[in-house]
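S.K.: Got a structure for you, questions after.
The values are calculated or read from the model by the stated rules, or taken from the named source; none is laboratory data. Nothing here was measured: the structure is a model prediction, and the numbers come from that model. All Cβ positions, even for glycine, are placed from backbone atoms using ideal geometry, and neighbour counts span all protein chains on display.
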Amino acid sequence: MMDKDYILKRLNSAELIPLDELNIYLISENKDVKHEAWNYVLRNLKSLDKKYLLYLLQFPDTGTRYRAWNEVPVLIKDGILTFNEVRELKEYFFEMLKDDNITVRALSWYVTLIPLIEIGLVKKEELIQYYKWLCDLKMEELEEIKAELGVKC
C-alpha cells in the first residue's frame, strides 16, 4: 500500500479517486485511512454513481456498510436513491444486527435502526428473529431500544 500520508492527502484533495482504489481504502486496517475514505464518500455522495452507492449498502466490510446505512434516510430524502432500491437490499442491514463485530452490531441497533423504522423501511415485526443478538449485547445504551421494541431479554 502507498504511504499513509500520501493516501490521506489524496482523499482530502479535490482529486477524483477511482472506485476500485476507494474500495481498498474503505477496508483499510488503518483507521485514519478508512475514516478519510468514508469522509471522501460523504463529500462526493451526489456525484458518486448510484450503483456504487447501492454497492456500499452491501459492502463486505461491515464497518463501512454500517456507515452507508446511516446515510439511507438522507439518500432517499434527497432523491439520490429510491425507497424501493434500498428496500431490496435491507437483508444486508439485517445481517449487521447479528454481526460478529460487536461495535457494528451495537451501533446498528442503537444508531441506525430507529431512523430506518421511522422512514418505513424496516418493520418492527421483521426484527423478532434478531432479538437474540440484541439481548446478547449487555450495554446500558441499548436498554432504550429494547424497551421501544418491547424486547424482554
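Results for (1) touching a residue at least 24 places away in the same chain (Cβ under 8 Å); (2) assigned to a helix (DSSP H, G or I); (3) within 22 Å of Leu81 (Cα to Cα), shown as yes or no for each residue.
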residue: Lys98; (1), (2), (3): yes, no, no
residue: Ala106; (1), (2), (3): yes, yes, no
residue: Val111; (1), (2), (3): yes, yes, yes
residue: Val122; (1), (2), (3): yes, no, yes
residue: Leu127; (1), (2), (3): yes, yes, no
residue: Tyr131; (1), (2), (3): no, yes, no
residue: Leu137; (1), (2), (3): yes, no, no
residue: Lys146; (1), (2), (3): no, yes, no
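S.K.: Kindly check whether there is at least one residue in segment 37-45 that is outside any helix (DSSP H, G or I) and of a type in the set (Val, Ile, Thr).
M.R.: Checked against the condition, which is being outside any helix (DSSP H, G or I) and of a type in the set (Val, Ile, Thr), segment 37-45 yields no hits at all.
S.K.: Which residues, counting only those in segment 49-69, are assigned to a loop (DSSP other than H, G, I, E, B), closer than 16 Å to Ile24 by Cβ and either in contact with a helix residue (DSSP H, G or I) (Cβ under 8 Å, 6 or more places away or on another chain) or not assigned by TED's automatic domain parsing to the domain that holds Ile102 (or both)?
M.R.: Phe59, Asp61
S.K.: Given the conditions (1) more than 11 Å from the chain's Cα centre (by Cα); (2) more than 29 Å from Asn12 (Cβ to Cβ), and given that Leu113 satisfies all but one, which numbered condition is not satisfied?
M.R.: Answer for Leu113: the failing condition is (1).
S.K.: For segment 70-86, enumerate the residues that are assigned to a loop (DSSP other than H, G, I, E, B) and of a type in the set (A, V, I, L, M). Walk me through it before giving the result.
M.R.: The first filter runs over segment 70-86 and keeps only residues assigned to a loop (DSSP other than H, G, I, E, B), leaving 71, 78-82.
Scanning segment 70-86 gives Ile80, Leu81.
S.K.: I would also like to ask the following. Contact list please: Cβ distance under 9 Å, first residue in segment 61-84 and touching a residue at least 24 places away in the same chain (Cβ under 8 Å), second residue among the basic types (Lys, Arg) and assigned to a loop (DSSP other than H, G, I, E, B), pairs at least six apart or on different chains.
M.R.: Close Cβ pairs satisfying both conditions: Asp78/Lys46; Ile80/Lys46.
S.K.: A follow-up question, please. May I ask you to say which residue of Ile24, Ile114 is β-branched (Val, Ile, Thr) and within 26 Å of Gly150 (Cα to Cα)?
M.R.: Details: Ile24 fails: within 26 Å of Gly150 (Cα to Cα).
Residue meeting the stated conditions: Ile114.
S.K.: Still on this structure, I have one more. Looking only at segment 77-112, how many residues end up being among the acidic types (Asp, Glu) and surrounded by fewer than 14 Cβ atoms within 10 Å (Cβ to Cβ)? Spell out the reasoning first.
M.R.: Of all residues in segment 77-112, those among the acidic types (Asp, Glu) come to 78, 85, 88, 91, 95, 99-100.
Subsequent filtering for residues that are surrounded by fewer than 14 Cβ atoms within 10 Å (Cβ to Cβ) retains 78, 88, 91, 100.
Residues in segment 77-112 being among the acidic types (Asp, Glu) and surrounded by fewer than 14 Cβ atoms within 10 Å (Cβ to Cβ): 4 in total.
S.K.: Now for a different question. Among (1) more than 30 Å from Lys50 (Cβ to Cβ); (2) crowded, with 19+ Cβ neighbours inside 10 Å, where does Thr62 come up short?
M.R.: Every condition holds for Thr62 apart from (1).
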